[in-house]
1. Please give the peptides 129-139, 272-282, 230-240 ranked by average Cβ packing (other Cβ atoms within 10 Å per residue), highest first, as a rough proxy for protection.
2. For region 251-318, what class follows from the C-alpha gyration tensor (a ≥ b ≥ c being the square roots of its eigenvalues): rounded when a/c is under 1.5, otherwise prolate if a/b is larger than b/c, else oblate?
3. Non-local amide H neighbours of residue 253 (under 5 Å, H modeled in plane, Pro and chain starts lacking H): which ones?
4. Between their Cα atoms, which of 276/317; 97/177; 208/281; 210/317 are more than 18 Å away from each other?
5. ³J(HN,Hα) across region 208-221 via Karplus (A = 6.51, B = -1.76, C = 1.60, θ = phi - 60°), whole Hz, x for Gly/Pro?
6. From the phi angles alone, apply the Karplus equation (6.51, -1.76, 1.60; θ = phi - 60°) to region 155-163 and give each ³J(HN,Hα) in whole Hz, x where the residue is Gly or Pro.
7. Which of the peptides 144-154, 255-265 is most tightly packed, and how do the rest follow, judged by the mean count of other Cβ atoms within 10 Å per residue?
8. Just to check I understand the Karplus step: with θ = phi - 60° and J = 6.51 cos²θ - 1.76 cosθ + 1.60, what whole-Hz values come out for region 147-153, glycine and proline as x?
Amino acid sequence: MDQNKDIFGFNSKCSITLNEVIQFGNEKKKVARRRWAILAKALKSPTESQPSSPTDEFSVRRISSFMLLKTQELSTIPIIPAESQCIDQIKKRTWFKYSITVDEYDYFINVGHRNRTFSAEDLMGFNNTGNICIWPSEETLSYYVCSNLEKFNHKSVLELGGGMSCLAGLFAAKYGKPKRVTVTDGNKVSVDNVQVTLKCNEFETSVKCKVLKWNCYDAAEKFDVILCADCLFFDDARADLIECLWACLANDGIAYVMAPQRGNTLDNFLSQSEGKGFICKKIPNYNNIVWEKRLALLNHCDYNDNIHYPILIEVTKE
Ligand SMILES: C[S@@+](CC[C@H](N)C(=O)[O-])C[C@H]1O[C@@H](n2cnc3c(N)ncnc32)[C@H](O)[C@@H]1O
């Protein structure tokens, strides 16, 4: 990620007035303040250290959540695995049930939230955005997965940049009857959290979780479906992400990439991907329920469609 740029990725070349610049600056400050508030909250002691949830009133998610995920804190650990070596890690977490309702059917995953403060190494090491919360793109991608489970039937599935939950990949694993699923992130803290989360859910299929940095992957292993949420705003890593997608996607495979427009970042991904040889289909209205949620938010004073609304891109090779 270009550390000098915030998530707006404001590098548009269009002409704007001074007033618009001032207004934009104020908006940026407001967003920056909110983001610092989330980080500050995450840095506090255990009881307040859970990442923001969809119902968290002090969160950008209050504005940008599409309220598709219900969050329920669990009073007990959901599943105690037979092997005991990870019990300590399980107990160190607060457990939440994340559920999605599609056509009156409930889908859920138990997700662990780290109860400890972040170390300096956590904060200064690899990009930490995936440990702050589950972002709206992961939320809408999870909803899309649960609404289109047939797309995962007998498929090999990879999630890239899945953050602290890899939620979309786990919904696909639990309910999509896939052949196998691998969920990944470049951040080891995120991956550790998902590995513990895997112990507290039941899957009928093989689910692996590992560190995968977009410049370091096993090109011999191909996947039929790749999921990726909110990973397009890293200007420095976008080319690596596209190379990684190309290397890991089967020739007849498909990647579902979900991200907000966020300045030029989504369009940059599209043009760079097409330059690589991918065929990209940008789909703003990919689900009626998500679209209705968007329409309802459009008049909300804090809602900014450009940075908040996750758009789906279908990426294929042929
Ligand atoms: C904004 S977060 C999104 C996390 C999750 N998908 C979500 O939407 O909640 C971006 C994720 O990309 C991961 N990431 C950033 N650069 C990466 C890279 N070069 N290789 C692998 N993962 C990377 C970060 O660790 C982070 O988890």
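Please treat every number below as a calculation from the coordinates, not as lab data. Just so we're clear, the structure is a prediction, and the values are computed from it rather than from any experiment. Using ideal geometry, Cβ is built from the backbone for each residue, glycine included, and neighbour counts are taken over all protein chains shown.
1. On the way: 129-139: 25.9, 272-282: 14.6, 230-240: 20.2.
Those peptides, ordered most packed to least, come out 129-139, 230-240, 272-282.
2. Working: a/c = 4.32, a/b = 1.83, b/c = 2.37.
Cα axes put region 251-318 in the oblate bin.
3. 317
4. Details: 276/317 10 Å; 97/177 21 Å; 208/281 29 Å; 210/317 25 Å.
Among 276/317; 97/177; 208/281; 210/317, the Cα-Cα distance tops 18 Å for 97/177; 208/281; 210/317.
5. 10, 9, 8, 6, 9, 8, 5, 9, 8, 9, 9, 5, 7, 9
6. Coupling constants for region 155-163: 9, 8, 10, 10, 10, 9, x, x, x Hz.
7. 255-265, 144-154
8. Karplus values, whole Hz, x for Gly and Pro: 8, 9, 4, 5, 5, 10, 4.
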